[in-house]
Amino acid sequence: MMEMVEAARIIDQATNSSLIILDELGRGTSTEDGFAIAYSILEYICKKIKCITLFATHYKELCKIKKKFPQIHNKTLEIKKWNEEIIFHYKIIDGISEGSFGIHVAKLAGLEESIITRAKTILSHLKKQKLTEFPQDNLKDISINKQESKNSRIIDEIKKLDLDNLSPKDSLDLLYTIKKNYLENK
């Protein structure tokens with residue numbers, strides 16, 4: 001509700017000399033409703049208000065509105081794909097995003113590997129067809145994956161260490177900490 005109240009206030013008070021900044025408009029509702037609201041508001045701004053607007057969205061389809069309003073310039077952040085990794089350059093370039101990177105970002109944020117794997121499976125099914133049934137879940141594997149995920153986090157922490165700059169005492173303290181964390185999370 002608050003998002004729509006704020007959007008209404010922005011639309012009511014904006015003039016052609018305003019700068020409107022809207023971020024992820026329509027995120028608090030269903031995908032269809034959110035898209036419809038975002039499209040309608042952007043269309044209204046283009047037709048009626050005609051001011052400079054920065055409009056961030058995850059609705060990739062919304063970028064097609066450029067065909068109707070040539071004054072719109074689609075921009076995205078530059079990324080590079082390397083092996084199976086995505087490198088964010090934080091550089092604004094012309095165009096639209098090559099895809100969604102939510103699962104990759106979830107992995108970077110440390111979400112459990114079993115959840116990441118499951119999300120990839122569901123996404124694969126979504127891309128093939130409209131999802132009416134969820135793909136089979138292998139629940140028995142989750143406890144194994146959970147332990148593997150914890151182990152991989154420990155390994156990742158070890159890989160980050162600068163061993164040449166650790167004193168013997170710091171090394172021993174670190175080893176005790178790693179062991180303690182491992183046993184607590186077992």
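The values are calculated or read from the model by the stated rules, or taken from the named source; none is laboratory data. Just so it is clear, the model here is predicted, and its values are computed rather than measured. Please note: Cβ atoms are built from the backbone with ideal geometry, for glycine as well, and neighbour counts cover all protein chains shown.
In region 14-36, which residues are in a helix (DSSP H, G or I) and either modelled with pLDDT of 95 or more or aromatic (Phe, Trp, Tyr) (or both)? Explain how you work it out, then say what you get.
Going through region 14-36, the residues in a helix (DSSP H, G or I) turn out to be 31-36.
Residue satisfying the conditions is 35 alone.
Within region 73-88, the set of residues being exposed (fewer than 10 other Cβ atoms within 10 Å of the Cβ) and out of contact with any Lys or Arg (no Cβ under 9 Å at 6 or more places or on another chain) comprises 80, 82, 83, 84.
For a quick check of your reading: which helices (runs of 4 or more DSSP H) sit entirely within region 67-186 and have at least 3 residues that are at pLDDT below 90 and farther than 26 Å from residue 23 by Cα? Outline the logic, then answer.
Values: elements: 102-108, 113-128, 142-160, 168-184.
Because the criterion is at least 3 residues that are at pLDDT below 90 and farther than 26 Å from residue 23 by Cα, the helices (runs of 4 or more DSSP H) in region 67-186 that meet it are 113-128, 142-160, 168-184.
Within region 149-170, residues that are closer than 21 Å to residue 110 by Cβ sit with their Cβ atoms under 7 Å from residues that are among the acidic types (Asp, Glu), at 6+ positions apart or across chains, in these pairs: 149/112; 149/113; 152/113.
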